[in-house]
Amino acid sequence: MNKSDLVDILWREFPEFRRRDLELIVNLLFERLTQALKDEERIEIRGFGRFIVKRQKERFFKNPRTGEEQIIPTRKRVIFKVGKDLKERLNQHALASIDLGTQTFRLLIGKASEGDFKILLKERFNVRLGEKLTKEGRISEKAHERGIKALKKIRLLLDKAEVKEVFAAGTEVFRKAQNADYFLEQAQKILGTPVKILSPEEEALYTAKGVLFSLKPESSPVLIIDVGGGSTEYILCHHEKPIKIGSLKLGAVTLKEKFFPSDDIPTSKEMEEAKNEITNFLEEIKYLSPAPHSLIATGGTATCLAALAQGLERYSPAKVHGYFLKTEKLKELVQKLASLSSSEIKFLKGMEEGREDIILPGALIYSALADILNSKGFLISETGILEGLLLHLIEKRPIISENI
């Protein structure tokens, strides 16, 4: 890694800063480090290690061929001593979790660290595996090709990180598709590990595990909602323990295919019919007991809405995670999205590529949830099922269904 690479990483992590300002900071840092080493100062970077300058004494050297004697002058050497945290991470092998969803395939590679983990890599691939699934009941040939292409990319990333253990899980699309087994056979050959098809209950439990390890709501009970491509999972938790789990056959992709067949600006009739469908599906959430005091939204739809609400030039996990999406702001977004075609939505600040035609259906589901629960808004979680799967792998517990 050179200075330019470091600036690129910082720019992605802190998009609110200008690139030239970050370049200035990095240059100043390297100048300070260089001067400190020249002055023989000890440099310690917490959690990483220490740079120590050591002097080599002047010594005599005799050339064995000519017999000529030379004096080798005093030299300085920079010695790096690995810090405890870094040493632990270097000595541990990498683990990975893979979430094969209806809309996206996602990969998380990390290393265990005292009940938590350090993220090495997090990637997502828009595959739309559930495209036309509602009408045809099968994974289409084009969707199959996109999925296999994404899996091959994931395999390369696993090899590059020298991952030793993988937990791959599939969700709604594999529960519904008639030809799911054919895709799963190929997936196992590519990944080198079987894909576990999660039940709706398992999917919800892993999601709750991933959300609650990083977000601690101020009030309880809390309702966690994940609007996916083919289904919506919800988990009612009290004092961080799931007490009610449910799965609705309602997702952003399925809603789009049923009520918004074109990518044009939706008609008032399409909007009304979609809202009625959503209301019917959400009836069971309306009377949850005990009633939730706070709501957490997770998954691709939720994080995309948070990015849109903030008008982010580039996606920033730090700006999305923990963001509170107010109901009024959500409704403003719904109105804006409903006034645009998919090709126009694509260019909105904060819009995730490949989600432009399904973000409105997803937003409608969250808006209806806010209404029926009379909520002021949603706390957005950047973590979810992917982190839950990795934590479960780190803990080396039996498959979660054995403990339900």
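Quick notes on this structure:
Quick grid of which residues meet (1) at pLDDT below 95; (2) under 27 Å from G388 (Cβ atoms):
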| residue | (1), (2) |
| --- | --- |
| A291 | yes, yes |
| G299 | yes, yes |
| A302 | no, yes |
| L308 | no, yes |
| E313 | yes, no |
| E328 | no, no |
| V334 | no, no |
| L337 | no, no |
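- Here is the figure for the range 247-274: residues that are surrounded by 16 or more Cβ atoms within 10 Å (Cβ to Cβ), within 30 Å of the chain's Cα centre (by Cα) and of a type in the set (D, E, K, R) total 3.
- T193 falls short on exactly one of the conditions (1) more than 21 Å from K249 (Cα to Cα); (2) in contact with a strand residue (DSSP E or B) (Cβ under 9 Å, 6 or more places away or on another chain); (3) in a helix (DSSP H, G or I), and that condition is (3).
- Here R355 clears all of (1) in contact with a strand residue (DSSP E or B) (Cβ under 6 Å, 6 or more places away or on another chain); (2) part of a loop (DSSP other than H, G, I, E, B); (3) buried (at least 19 other Cβ atoms within 10 Å of the Cβ) except the condition numbered (1).
- Here S199 fits the description: surrounded by fewer than 24 Cβ atoms within 10 Å (Cβ to Cβ), out of contact with any helix residue (DSSP H, G or I) (no Cβ under 6 Å at 6 or more places or on another chain) and hydroxyl-bearing (S, T, Y).
- Put simply, of S268, S294 the only residue that is among the hydroxyl-bearing types (S, T, Y) and in contact (Cβ under 8 Å) with a residue 40 or more places away in the chain is S294.
- Pairs, first modelled with pLDDT of 95 or more in the range 188-211, second in a helix (DSSP H, G or I) and of a type in the set (D, E, K, R), C-beta under 7 Å, six or more apart: I190/K152; I190/R155; L191/R155; I197/R175
- Number of the exception - L151 against (1) touching a Leu at 6+ places or on another chain (Cβ under 8 Å); (2) modelled with pLDDT under 95; (3) part of a helix (DSSP H, G or I): (2)
- The residue list F347, F324 contains one member that is under 22 Å from T232 (Cα atoms) and surrounded by fewer than 16 Cβ atoms within 10 Å (Cβ to Cβ), which is F324.
- Evaluation of L215 against (1) under 22 Å from the mean Cα position of the chain (by Cα); (2) surrounded by fewer than 18 Cβ atoms within 10 Å (Cβ to Cβ); (3) modelled with pLDDT under 90 (one fails), failing number: (2)
- The set of residues in the range 133-144 that are touching a residue at least 12 places away in the same chain (Cβ under 8 Å) and either closer than 22 Å to L393 by Cα or surrounded by 14 or more Cβ atoms within 10 Å (Cβ to Cβ) (or both) comprises L133, T134, R138, I139, A143, H144.
- The residue pairs whose first member lies in the range 145-169 and is free of Cβ contacts under 8 Å to residues at least 40 places away in the same chain, whose second member is buried (at least 18 other Cβ atoms within 10 Å of the Cβ), and whose beta carbons are closer than 6 Å, counting only pairs six or more residues apart or on different chains, are R146/V127.
- Restricted to the range 27-56, and to residues there that are among the basic types (K, R) and in a helix (DSSP H, G or I), the residue that is nearest to V7 (Cα to Cα) is R32.
- Among the residues of this structure, R50 counts as one that is under 30 Å from I394 (Cα atoms), surrounded by 11 or more Cβ atoms within 10 Å (Cβ to Cβ), modelled with pLDDT of 75 or more and not assigned by TED's automatic domain parsing to the domain that holds I154.
- All conditions but one from (1) under 15 Å from the mean Cα position of the chain (by Cα); (2) among the hydrophobic types (A, V, I, L, M, F, W, C); (3) assigned to a helix (DSSP H, G or I) apply to V334; the one that does not is (1).
- Between K331, K258, K326, K319, the distinction of being closer than 16 Å to L369 by Cβ and either in contact (Cβ under 8 Å) with a residue 40 or more places away in the chain or acidic (D, E) (or both) belongs to K326 only.
The values are calculated or read from the model by the stated rules, or taken from the named source; none is laboratory data. The structure displayed is predicted, hence computed values, not measured ones. Note that each Cβ is placed from the backbone with ideal geometry, even for glycine, and that neighbours are counted across all protein chains shown.
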